[in-house]
Amino acid sequence: MKLNEFNQADEADARQAIAHCVAIPAWQQALVAARPYASLSALAERAQQLAQRWQQAELDQALSAHPRIGEAAQGTAHEATLSRQEQAAMQQADRDLQLAMRAGNQAYEARFGRVFLIRASGRSAEQMLAELQRRLNNNKACEQQETLAQLREITLLRLKESII
């Protein structure tokens, strides 16, 4: 969707256009409510400002829509399609690396009580596994902040790819 179309769309259509970016309805609503945007950079800046407010509740909402790294997202929704594309490197990794990621996911979930989230786009399977192993050493507060930072990166990347 082009920026001018996003600016002029009715509220429901505008929210639908960005719904796949992150499963946080309040963020979607606030971003749509702040229209019109004079430029793509103004839209990105507002999206970033809103994302900086996210805490544990928003993280929990967003993670409900994210599959584990190494597991293909199910369904035909736009978000599932994007997730499969973003994680292509892990899907193409050799069996040993996939098994290591699966074991790492289990260790991460046991330690932090949620799925491991990382911006997979632009990263190799080896890089994702190395980050998972590094982040297993974080304390809970530090890991929450890293996870939120990754969620913001994913969201803003998807937004930039959606509104041109």
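Give the angle, between 0 and 90 degrees and rounded to the nearest 10, that separates the Cα long axis of helix 140-162 from the longest principal axis of the Cα atoms of the chain.
Once rounded, one gets 50 degrees.
Rolling a 1.4 Å sphere over the protein heavy atoms, what is the accessible area per residue of the chain, to the nearest Å²?
For the chain, the solvent-accessible area averages 51 Å² per residue.
Can you tell me the orientation of helix 40-51 relative to the chain, as the angle in degrees between its alpha-carbon axis and the longest Cα principal axis, to the nearest 10?
Roughly 60 degrees, rounded to the nearest 10.
Report the Rg/Rh value for the stretch 90-139, based on alpha-carbon coordinates and the Kirkwood definition of Rh.
Using only Cα positions, Rg/Rh for the stretch 90-139 is 0.94.
Eigenvalues of the Cα gyration tensor times 5, then square-rooted: what semi-axes does that give for the chain, in whole angstrom, largest first?
Those come to 30, 17, 13 Å.
The values are calculated or read from the model by the stated rules, or taken from the named source; none is laboratory data. Keep in mind it's a predicted model, so treat the numbers as computed, not measured. Just the protein is used for accessible areas: all its heavy atoms, side chains included, with ligands, DNA and RNA removed. Shrake-Rupley method; radii C 1.70, N 1.55, O 1.52, S 1.80 Å.
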